[in-house]
1. With Cβ to Cβ distances under 11 Å as the rule, what net charge do the other residues near Tyr58 carry (K, R +1; D, E -1)?
2. Just the number, please: percent antiparallel of the DSSP beta bridges in the range 2-95, rounded to the nearest 5.
3. Measure off 7 Å from each Cα along the Cα-to-Cβ vector at Glu69 and Asp18, then give the distance between these two points in nanometres to one decimal.
Amino acid sequence: MKVLIEQDWTFVTRNSNDFRPRSGSRSEAPCYVGVELHAGLVCLNLPAGSAAKQQEAYFRAALAALGSESDLTNQVLEVWPDTDDPGSVVVERYDFPDEDEGE
């Protein structure tokens, strides 16, 4: 975590649980808690035992979601399996820390 912040890297992980509070709830904020400025986090929330082809598909979905808005400063982009449409994904992008906190 220290290197990510010091080197201003956007981190891409397929294990977002390592960056979330221990409960692992999707509704809770990632463990960038207390970090006021970061270069972004991309979480590829793949099902266990995913093949390389599926990992590539999730990464491509993340890149497509970024499009021309590639600046993830203080944002998280997450790719989830779509439970309503097997084989598809849902992409969420949100501010963290939340810009509205403390207002």
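Any read-out appearing in this document is the output of simple, stated calculations on the displayed coordinates, not a laboratory observation. The structure displayed is predicted, hence computed values, not measured ones. So basically every Cβ, Gly included, is an ideal-geometry build from the backbone, and we count neighbours across all protein chains shown.
1. Cβ neighbours under 11 Å give a net charge of +1.
2. About 50 percent, rounded to the nearest 5.
3. My value for the distance between the label points is 2.8 nm.
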